[in-house]
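*Asks:* For reference, the structure I am asking about is given below.
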Amino acid sequence: MPDCGAPSPSSIECRQIADLLGDYLDGSLPKATRELLEWHIEGCAPCVACVNTYRGTVSAATKLREVEIPAELKKRLLSVLRSQRATHRPGA
């Protein structure tokens, strides 16, 4: 069981799991990183729960159907976003 409180150069910390989940689940992590992540998850119940929740969320999101945004709502949303972008530009 990994010691979640004492990382070593060859370990992975709980907080890093969330940053790596997307790449882990789509299979794009390097082998060594994937193996470290899997080793950590095997002994860390909170990380198992996090991975399972993430998987469930991705699965649910893929089942959502695409819905067209009403034209007026889209127009208003774009207006708000453009306004915010203009006020948050450096030097504005």
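The values are calculated or read from the model by the stated rules, or taken from the named source; none is laboratory data. All figures in this text were calculated on a predicted structure; none of them were measured in a lab. Note: ideal-geometry Cβ built from the backbone for every residue, glycine included; neighbour counts use all protein chains shown. Ligands, DNA and RNA are excluded from the accessible area calculation, which covers all protein heavy atoms including side chains. Shrake-Rupley method; radii C 1.70, N 1.55, O 1.52, S 1.80 Å.
*Asks:* Just to be sure before I move on: is residue 34 assigned to a loop (DSSP other than H, G, I, E, B), charged (D, E, K, R) and open to solvent by 60 Å² or more (accessible area, probe 1.4 Å) in the structure I sent? Full working, then the answer.
*Replies:* On the way: assigned to a loop (DSSP other than H, G, I, E, B): no; charged (D, E, K, R): yes; open to solvent by 60 Å² or more (accessible area, probe 1.4 Å): yes.
Taking the combined requirement at face value, the residue does not satisfy it.
*Asks:* Within the range 54-92, count every residue that is open to solvent by 90 Å² or more (accessible area, probe 1.4 Å) and within 18 Å of residue 26 (Cβ to Cβ).
*Replies:* 3
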